[in-house]
Structures are given as C-alpha cells and as structure tokens.
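What follows is one structure encoded as structure tokens, with my remarks underneath.
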Amino acid sequence: VNAFDEQWGPAQAKWSQFFDAEVDNLRAVLKWLINTGDAVGAAQLIVAASRYWYIRGNFAEACSWSERTQTLSRSKDVGDLTPRFKLFAGWFLYHTGQHERAVPLIEEAMTMLETAEDQFALALGLGFKGIIAGERGQFSEAHSYFEKALSFYRQAGSSTWQGFGLNGLGYA
C-alpha cells in the first residue's frame, strides 16, 4: 500500500491533515520541479496529491499545476507522461467545466492504460467515463463502465472502491 492508496481508505483523514499542513511545501516543490524541468517528478507529485485537491475542491489549482507540467513535458520532449497523470489531469479539467478538453485527455489515458500494468488506474478511468456518460444521459453506457470498474474492485478486495462502484451503479 502506498500513500496514494491510503488517501482513499480509512487513513483519508490523516492524509488530509498532512496535506493541509504541507500544502505550501507541496506548492513550493511543484514550482521547483517545474522550474528545474522535471516534468516527470511534477506529474508524480500531482497524482500523489490528486485526492487532496479533490476533497478540498481545489480543481483550478490542480488544473494549473497539471497544465504547467504538460507544457513542460512538451518543451523538454520527455515523451508521454504516465497515463495516471493524464487521467487525473483530464478529471481536474472536467471538474472545472472544461469538458471539451477533458474528455480527449481521459480517452488518451484510457488508451494508454489498455496496454499498461496499472489495472487500478484503468478501473478509475472506467468510473470517470461512467460519470461522464451519466451526465450526458447515456445511462446504459454509464452502467456498463461502472459494472466493469466494480468487477475490478471486487477482485482487488477494495471495500472503499467497491462502495464507489456500487454508488456509480446506483447513479446509472
């Protein structure tokens, strides 16, 4: 279990307190990583802090850091950043109402995840796609995405994510 995983379970309050206390340091490190040209390090830190920004509703800040990181990665020609980073960058854009920019980024991440070893991120992406489909009124499609994600969460034995998956199915 890593820090990212712990933020979505029973240790969520502990991690929220940690980030509340360290948010200025988080910003300073992100600024430093971007200024020194480390797009990969910035992307990893953005993913690690994604739950915190989600809980606090700081989508605009998360978008800003994500966009700076993507711009840096293109200028430094570091290649593709991780699919998990692209997934969350798209999710942040979606939550700020930038759907036309968000959906292609989420789709790109999902394409990358189909051949990656990160099954958990693939299940997260299915959940994201389920929410998007539901908001578009495509409830049978949303149901299918949530069902696939829930199947993974059950196989992984993640009670927290099973709850999210069941909630999504109920929504659809």
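Rule-based calculations on the coordinates, nothing more; no lab input. Just so you know, these numbers come straight off a predicted model, no measurement behind them. Here Cβ is always computed from backbone atoms with ideal geometry, including for glycine, and neighbour counts include all displayed protein chains.
On the principal axes of its alpha carbon atoms, region 32-172 extends 45, 30, 27 Å, with the longest extent given first.
The lysines within cross-link reach of Lys31, meaning a Cα-to-Cα straight distance under 17 Å and a gap of 8 or more places when in the same chain, are Lys76.
Expressed as a whole percent, the proportion of Cα-Cα pairs in region 1-109 lying more than 25 Å apart is 17%. Basic side chains Lys and Arg get +1 at the Cβ, acidic Asp and Glu get -1 at the Cβ, and with that the dipole of the chain about its Cα centre reaches some 200 debye.
Charges on Cβ only, +1 for Lys and Arg, -1 for Asp and Glu, centred on the Cα centroid of region 53-172; of Ser158, Ile55, Gly90, which one is farthest towards the dipole's positive end? Projecting each Cα onto the dipole axis, the largest value belongs to Ile55.
Put a dot 7 Å past the Cα of Leu166, heading toward its Cβ, do the same for Arg56, and the two dots end up 3.1 nm apart.
The separation of region 135-171 from region 1-46, counted between C-alpha centres, amounts to 27 Å. Annotation: aspartates and glutamates with alpha-carbon distance below 13 angstrom to Lys129 (same-chain offsets under eight excluded): Glu107, Glu108, Glu141, Glu147. State which stretch of the chain is the longest one without any exposed GluC sites (Glu not before Pro), exposure meaning a DSSP loop state and at most 16 other Cβ atoms within 10 Å. The longest such stretch corresponds to 1-113.
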